[in-house]
1. Anything in segment 70-86 that is open to solvent by 100 Å² or more (accessible area, probe 1.4 Å) and either at positive phi or not in a strand (DSSP E or B) (or both)? List them, or say none.
2. Which of (1) assigned to a strand (DSSP E or B); (2) among the aliphatic types (A, V, I, L, M); (3) open to solvent by less than 80 Å² (accessible area, probe 1.4 Å) does V8 not meet, given it meets every other one?
3. Which pairs turn up if I take residues in segment 91-113 that are surrounded by 14 or more Cβ atoms within 10 Å (Cβ to Cβ) and in a strand (DSSP E or B) and look for partners that are of a type in the set (S, T, N, Q) and modelled with pLDDT under 95 with beta carbon separation below 8 Å, at least 6 apart in sequence or on another chain?
4. Of the residues V64, V12, which single one is in contact with a Lys or Arg (Cβ under 8 Å, 6 or more places away or on another chain) and of a type in the set (V, I, T)?
5. Tell me, yes or no, whether segment 3-24 has at least one residue that is modelled with pLDDT under 85, at positive phi and more than 17 Å from the chain's Cα centre (by Cα).
6. For the structure I just gave you, tell me whether D46 is in a loop (DSSP other than H, G, I, E, B), open to solvent by less than 80 Å² (accessible area, probe 1.4 Å) and at pLDDT 90 or above.
7. Identify all residues within segment 39-51 that are out of contact with any Gly (no Cβ under 6 Å at 6 or more places or on another chain) and either in contact (Cβ under 8 Å) with a residue 60 or more places away in the chain or under 23 Å from I108 (Cα atoms) (or both); write none if there are none.
Amino acid sequence: MSWGNAIVRKAVAENGSLKRLDGQLHLEGSVKSTKKKLTWLADTPDLVDVELVDLDFLLTKDKVEEEDDIKQVLNDHTKFVHRGRGEAAMRQLRRGDILQVERRGFYICDEPYVRPGDPIRLLFVPDGKSFFGVPPPKK
């Protein structure tokens with residue numbers, strides 16, 4: 001849309017949940033030079049529930065040696081599920097469709113929209129640039 005940037009001046013939270021951002025439009029701002037970016041959807045009744053699934057490697061090393069204890073080389077946490085909301089057009093996705101999620105990367109539709117309350121499940125497609133669509137939790 002080429003509107004420049006908005007500078008967030010204040011974040012208002014209630015009960016640990018973000019309720020409002022107060023900001024100022026900065027038309028001269030550059031999307032390329034801005035470090036932190038925010039993407040949002042309007043809070044409308046036609047949004048759909050989405051699960052973004054990232055899968056990690058099963059093993060913690062490239063090559064398993066004969067003397068390795070298999071329990072020591074198995075990654076104990078390989079699936080990361082992030083819940084979100086998606087625009088109404090995502091109801092049209094079919095299993096196997098590939099889409100780009102803004103600021104995340106490409107995903108394959110694993111479970112399409114069936115009914116309200118059942119999330120659309122999207123599996124991250126590694127692209128060689130980033131391993132996860134959503135950064136994994138810090139250990």
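1. To start, the set of residues in segment 70-86 that are open to solvent by 100 Å² or more (accessible area, probe 1.4 Å) comprises 71-72, 76, 79, 83, 85.
Result: K71, Q72, D76.
2. Every listed condition holds for V8 apart from (3).
3. Going by the 8 Å Cβ cut-off, the qualifying pairs are G105/S130; F106/Q100; Y107/Q100.
4. On the way: V64 fails: in contact with a Lys or Arg (Cβ under 8 Å, 6 or more places away or on another chain).
So the residue among V64, V12 that is in contact with a Lys or Arg (Cβ under 8 Å, 6 or more places away or on another chain) and of a type in the set (V, I, T) is V12.
5. Yes; the residues of segment 3-24 include at least one that is modelled with pLDDT under 85, at positive phi and more than 17 Å from the chain's Cα centre (by Cα).
6. Numbers: in a loop (DSSP other than H, G, I, E, B): yes; open to solvent by less than 80 Å² (accessible area, probe 1.4 Å): yes; at pLDDT 90 or above: yes.
Criteria met by D46.
7. First, pick out the residues of segment 39-51 that are out of contact with any Gly (no Cβ under 6 Å at 6 or more places or on another chain): 39-47, 49, 51.
Hits for segment 39-51 are T39, W40, L41, D46, L47, D49, E51.
Results for (1) out of contact with any helix residue (DSSP H, G or I) (no Cβ under 6 Å at 6 or more places or on another chain); (2) under 30 Å from P126 (Cβ atoms); (3) free of Cβ contacts under 8 Å to residues at least 12 places away in the same chain, shown as yes or no for each residue.
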| residue | (1), (2), (3) |
| --- | --- |
| L25 | yes, no, no |
| K32 | yes, yes, yes |
| K36 | yes, yes, yes |
| G86 | yes, yes, no |
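The values are calculated or read from the model by the stated rules, or taken from the named source; none is laboratory data. All of these numbers come straight from a predicted model, not from anything done at the bench. We place every Cβ from the backbone using ideal geometry, glycine too, and count neighbours over all the protein chains shown. We work out accessible area using only protein heavy atoms, side chains counted, and drop any ligands, DNA or RNA first. Shrake-Rupley method; radii C 1.70, N 1.55, O 1.52, S 1.80 Å.
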